[in-house]
1. Most mobile of A:Val85, A:Val20, A:Val123 per a Gaussian network model of chain A (Cα springs, under 10 Å)?
2. Pairs A:Lys150/B:Lys44; B:Lys49/B:Lys134; A:Lys162/C:Lys178; B:Lys145/B:Lys184: which are spaced more than 24 Å apart, C-alpha to C-alpha?
3. Ignore the peptide's own chain and count Cβ atoms of other chains within 10 Å of each Cβ in A:140-147; give me the average, rounded.
4. Given the options B:Gln87, B:Gln250, B:Gln59, state which has the largest fluctuation in a GNM of chain B using a 10 Å cut-off (strictly under) for Cα springs.
5. How much accessible area per residue does chain A have, counting only protein heavy atoms and a probe of 1.4 Å, in square angstrom?
6. Give me the aspartates and glutamates in straight-line cross-link reach of B:Lys63: C-alpha distance below 14 Å, same-chain residues under 8 apart excluded.
7. Cut-off under 17 Å on the C-alpha distance; same-chain residues fewer than 8 positions from B:Lys274 excluded. Which lysines are left, in chain and number order?
8. Using amide H atoms built in the peptide plane, which far-off residues or other-chain residues are under 5 Å from B:Ala194 H to H?
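The values are calculated or read from the model by the stated rules, or taken from the named source; none is laboratory data. Just so it is clear, the structure is predicted and the values come from calculations on it, not from any experiment. Virtual Cβ from ideal backbone geometry, glycine too; neighbours counted across all protein chains shown. Accessible surface areas use protein heavy atoms only, side chains included; no ligands, DNA or RNA. Shrake-Rupley method; radii C 1.70, N 1.55, O 1.52, S 1.80 Å.
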Amino acid sequence: MSIQIENLSFSYLQPSGEKVDALKNVSFTIETGDFVGIMGPTGSGKTTLLQLLAGLRLPTSGRIYFNGEEINAKGYDRNRLRQTVGVVFQDPEYQLFATTVEKDVAFGLKESGLSRQEATDRVRWALETMGFDFEKVRNQSPLALSGGEKRRVAIAGVIARKPEILIFDEPIAGLDPFGRENFLQFVTERNQTGTTIIMTSHNMEALAEYTKHLLVLKEGRLIDAGATREVFTRLKQRYNGAFQTKAQRIAILLAEGKLMFSPAVVTYGDLLSALKQELTGGGRG
Amino acid sequence: MLVEGKNICYSYAFGGFSFALRDVDLNIARGEFVAILGCNGSGKSTLVKHLNALLQLQQGELKVAQIDVRNEKEVWLLRRRCGMVFQNPDHQFVAPVVEEDIAFGLENYEVPRNEISGRVRSALARVEMSGYEKRAPNTLSGGQKQRVALAGVLALDPEIIIFDEATAMLDPDGRQEVIKIMEKLHRAGKTIIAITHYVEEAVAADKIILMHQGRVLACGSPQTVLTNLDLMKEAELIPPFPVRLYYDLQQAGIYLNRCPLTEEELVEEICQFKSKI
Amino acid sequence: MRTLPAGQYLPGHSLLHRLDARAKILCALILMTAVIGASSLWGYTLVLVALLIPILISRLPLRPTVAAVRGMGGFLLVILLMNALFFKGETVLASWGIIQLSHEGIKQGFRIVSNVVLILIIGNLLTMTTLPTQVATALESLIKPLKLIGVPTEEVAMIISVAIQFIPTLMEATELIKMAQIARGARFESKKLSERAVSFLPLVVPVFISAFRRAEELSLAMEARGYRNAKNRTRRQKEPLALHDYAALTFSVLICLIQFLLQR
Ligand SMILES: Nc1ncnc2c1ncn2[C@@H]1O[C@H](COP(=O)(O)OP(=O)(O)OP(=O)(O)O)[C@@H](O)[C@H]1O
Ligand SMILES: Nc1ncnc2c1ncn2[C@@H]1O[C@H](COP(=O)(O)OP(=O)(O)OP(=O)(O)O)[C@@H](O)[C@H]1O
Ligand SMILES: [Mg+2]
Ligand SMILES: [Mg+2]
């Protein structure tokens, strides 16, 4: 399912009557089966964009098309939209609402037409995918979990439905390093079987290593978009420091020391292989 | 010792079998910068909630700044000296307007009225949230909330500051800023206790406490804890970037002189290695 | 998708915002008395027209209040029907067994609904232009006389102000939980009334759980940030009432008086 965004703008009405322009005239296209990362500083409109994409807010102006059909048009079947799009919110707290973890994850399966056994298996699969021991956690209250565990349950509740499009707002914040890798690995696998993935993150490594395309927001505007590697290389020139991967920063520091200079180093793997070449004498040195 | 804990055990289901903390000993000196690492559910938040007596001590002993956390009369004084930035900023807000929220803590300690607005404003300036005084906390973005939550604690200027994943939802710039604030507070003599999932943030700490399944697995300098692969594996954590690179290079037959912890150290080691061949 | 939660404080600089909180609370109470005292259509019209003045000068958006009234629509309808059908009136229009539709019943139903709606509007005007902390301080000084008979007035004021502030938080939580459920296939938006009604049921329990949860969090947060008791806190300055405060009070008293004159 391809997604097309045209001149999308969104303003929050502030209580005092003034407006906060959270998104300004954003346009882009996401192809079926893409893995898109959204990055940008705090308050740049990422969450707002995702909520619009999921059809949870109405744009102030502009249009959103799924497979050429406008989702906010009158006759559009919203229920079908809900079936195809799964969203995990930034704040897991309000996403968990059932009395037990098992019921919570099963919530979205009610109308999926699965038999009871199939549904239980699906819940087990989702929770185990997110690194839980199903038997241990199924009867716990989702609110009596640690911060990271809550987020994992929230994610499990959405992946259990196996939607065609998965939208994640800051999914790895609060996950431990293994949890992060596990999650990203899983998402990549889903992506390879055709699921479209859209994810915001403040973690440059996650974006650089896993996404295919990147959208960069700043103060509500789309300031860059393109293949992940290219965007990162461009960003290096635009910002100094923060919005770079560690590998990029190290490559720059090495270049200052007249060692190995390669603008193509973006990921850990890049750096490792460049260093191997350089330090075993195979390089220019 | 500023914080002295012995044999702390805690179970959320009181009297239950599952323990969130098991026999934890804790020693933190005045002015120390301590990082607490551990995987999800390892008991980090549970442990620090004991320090300001948000959770009641069930077993063991704990004294913070010479105050026994069980002493209900003095708990209030304890909280004046021990501020905490919550893991979820929504849990920390008590007022419907940003400036009111930051003033709340100040009013509790009877800070004179005429000082309050100045302190609120300077706290907001420190986290770069000036101009948001009149906003409702629930209309802020995730990162903005986290900054305001931090300002609420900074305004009180407590002696011990606990950061429970205070950078989880910040952008890289914001994270750098908060780390700088931590370091500045540390230099000013404050005791800092930081929980984080970004191993890199723990590198600057004086001491790392490594938690796993409610126990303290290790406690020591970043050098001894973070470069120990077996230990990290046991704690189900991934070592920092430079450490990983060091060991991966070793696999390829490249032996750097010593295991670097920071990016700068890594570059230095590589340059040294290069100059030798 | 989300409207502003009703009753939540909206910063502003209107005259209504600047009125002293004590005066505002008293005005609200007096006007509520006028509502309860109303006995005819004229009485209600009087209060409604009188309310237009503060509504206009406050320059508040009407949406949240309207949404709140609409949200209570079902509840109001039930009240109306209950009264219309079960009130034992004299002019019976129709009857089915114990159920009888009477003229007085319908009137009684409309009375109660009007009372609820008007009081809701007055309450909203107060809380939307007054900070909970201001409400607390004002209440504290208004109920100060009760101290003489041993009531811990500071605590009572604090409890009330926290409760006031809690309502919008709850509505916000409801809205967020609803959004999360919609995103996972709940049918709030469905055209079919039956589907919509059924989908509301799973909302009730989580909202209650979240309310208790939120209450617990709030008290933890207050404690963690040094709240001990309402007494040992920085005092807020008390300024004497200004001219516009007296004007507002006079206005409210006047409305109330006319109401009681109308009654006869
Ligand atoms: N309910 C709301 N009412 C008013 N303004 C809002 C509301 N929600 C968000 N905003 C504002 O809209 C802007 C964009 O917010 P958004 O949550 O989309 O940012 P974000 O990119 O997701 O940030 P973060 O990385 O911190 O989560 C911010 O300036 C924020 O203050
Ligand atoms: N309110 C609660 N009621 C019952 N059990 C709880 C509660 N909070 C946490 N737990 C459990 O206690 C254990 C430790 O939780 P804690 O919040 O201390 O973990 P943490 O190390 O902070 O994890 P995270 O990195 O995910 O924040 C977990 O197994 C969790 O499920
Ligand atoms: Mg966001
Ligand atoms: Mg925690």
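1. A:Val20
2. Pairs exceeding 24 Å: B:Lys49/B:Lys134.
3. Mean shielding by partner chains, rounded to a whole number: 5.
4. B:Gln250
5. So chain A comes to 39 Å² accessible per residue, rounded to a whole number.
6. B:Glu4, B:Asp25, B:Glu72, B:Glu74
7. A:Lys258, A:Lys276
8. Result for B:Ala194 returns B:Val34, B:Ala35, B:Ile36, B:Phe163.
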